Amino acid sequence: MTKFFENKSILVTGGCSGIGRGTAIELWRLGANVTALSHQEDNLIKLKNEYPSIEIACVDLRDWDTTREVVKSLGEFHGLVNCAGFIENQPLLDCSPDIFDQTMQVNVKAILNITQIVAKKMITNKIKGSIVNISSQGSMAALKDHLAYCTSKGALDAMTRVMALELGPCGIRVNTINPTVIMTDLGRRAWADPVKAQTMLSKIPLGRFGEVEEAVNAIIFLLSDKASMINGVNLPVDGGFLAT
């Protein structure tokens with residue numbers, strides 16, 4: 001897939017850390033014109049310094065109106081990766097309205113907001129594009145103390161199916177990947193406790209967590225024309241977690 005995305009413009013939210021950063025860099029290697037969007041200004045600047053041809057945009061996705069203004073100003077895109085996410089684990093009986101609302105704002109509402117803008121421009125410019133939303137194994141399996149997170153990812157899967165239904169006739173495909181724990185910097189810190197890690201690992205037939213490049217590879221595939229007949233799919237990248 002050398003330079004597979006040459007002359008293609010792709011927006012990656014959450015594009016300066018974790019899976020989003022890995023995706024932005026891999027798309028750049030494959031020839032895409034990449035824009036990374038995030039609220040993490042320092043990490044965006046760091047990415048820009050390392051990869052000067054990657055464009056950056058800084059905005060808090062919880063701010064609906066400002067996000068719309070920023071995304072509209074970026075032009076049109078052939079692809080969109082909705083990778084920005086929020087997680088703060090709380091059990092059912094302690095889940096606060098604030099954390100629930102923030103989780104839904106970033107993991108669901110912001111994706112609706114950005115997708116509306118990008119998809120409308122795709123339709124106007126007759127671009128047969130691809131959108132990949134980053135969901136989770138938690139959309140289909142209960143994870144202890146992940147009430148708000150699992151709820152948001154279940155909503156995202158449902159929203160993705162409606163997006164696929166309504167945008168498909170315009171030649172725009174919409175899919176999700178649904179990863180298990182991915183060993184980003186945050187993932188390594190969150191699962192550093194071997195006892196905690198073993199509880200999750202025992203449910204993964206491959207017996208390990210995923211690496212960033214393994215999530216990125218799935219995203220790249222779904223963005224590409226190699227997946228031209230794949231629409232409305234939730235693709236697990238979970239080592240078999242959801243198969244058990």
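Structure notes:
- For the range 70-122, the fraction of alpha-carbon pairs in successive 10 Å shells from zero, as %: 22, 41, 22, 13, 2
- The chain: angle of helix 18-29 to the longest principal axis, Cα-based, in degrees nearest 10: 30
- Alpha carbon centroid spacing (whole Å) that separates the range 7-25 from the range 46-86: 9
- For V174, the amide hydrogen comes within under 5 Å of the amide hydrogens of I131, G232, counting only partners 5 or more places away or on other chains and with H modelled in the peptide plane.
- For A32, the residues whose modelled amide H falls within less than 5 Å of its own, excluding neighbours fewer than 5 places apart on the same chain, are F5.
- Applying the criteria of a DSSP loop state and at most 13 other Cβ atoms within 10 Å to the trypsin sites (Lys or Arg not before Pro) of the range 174-242 yields R208.
- Additional length obtainable on full extension of the chain from E166 to D98, 0.36 nm per residue less Cα span: 21.3 nm
- Principal axis dimensions, the range 166-244 - Cα atoms, whole angstrom, descending: 48, 27, 20
- Relative to the longest principal axis of the Cα atoms of the chain, helix 41-50 runs at roughly 60 degrees.
- Using alpha-carbon coordinates, inclination of helix 212-223 to the longest axis of the chain, degrees: 40
- Applying the criteria of a DSSP loop state and at most 10 other Cβ atoms within 10 Å to the chymotrypsin sites (Phe, Trp or Tyr not before Pro) of the range 174-244 yields no site.
- Separation of the alpha carbons by more than 26 angstrom is noted, of K126/K153; K46/K126; K3/K121; K3/K46, for K126/K153; K46/K126.
- Straightening the chain between A158 and N89 buys 22.7 nm, computed as 0.36 nm per residue apart minus the Cα-Cα spacing.
- Residues considered: M140, M122, M229. Largest GNM mean-square fluctuation over the chain, using C-alpha springs under 10 Å, is found at M229.
- Comparing the chain with the 2.2 N^0.38 Å rule of thumb, its C-alpha radius of gyration ratio is 0.96 (two decimals).
- Across the chain, the mean sequence separation of Cα contacts (distance under 8 Å, 6 or more residues apart), normalised by length, yields a relative contact order of 18 percent.
- Candidates I99, I56, I134, ranked by Gaussian network fluctuation over the chain, Cα under 10 Å, top entry: I99
- The modelled label-to-label distance for the pair A142/D60, using points 7 Å beyond Cα in the direction of Cβ, is 3.5 nm.
- Applying 0.36 nm per residue to the separation of K226 and N49 and subtracting their alpha-carbon distance, the gain on full extension is 60.6 nm.
- Rounded to whole Hz, the Karplus (6.51, -1.76, 1.60) HN-Hα couplings of the range 55-60, x for glycine and proline: 7, 10, 8, 10, 7, 8
No lab work stands behind these numbers, since they all come straight from the coordinates. On a predicted model such as this, the values are computed, not experimentally measured, just so you know. In this analysis, Cβ positions are derived from the backbone assuming ideal geometry, glycine residues included, and neighbour counts consider all displayed protein chains.
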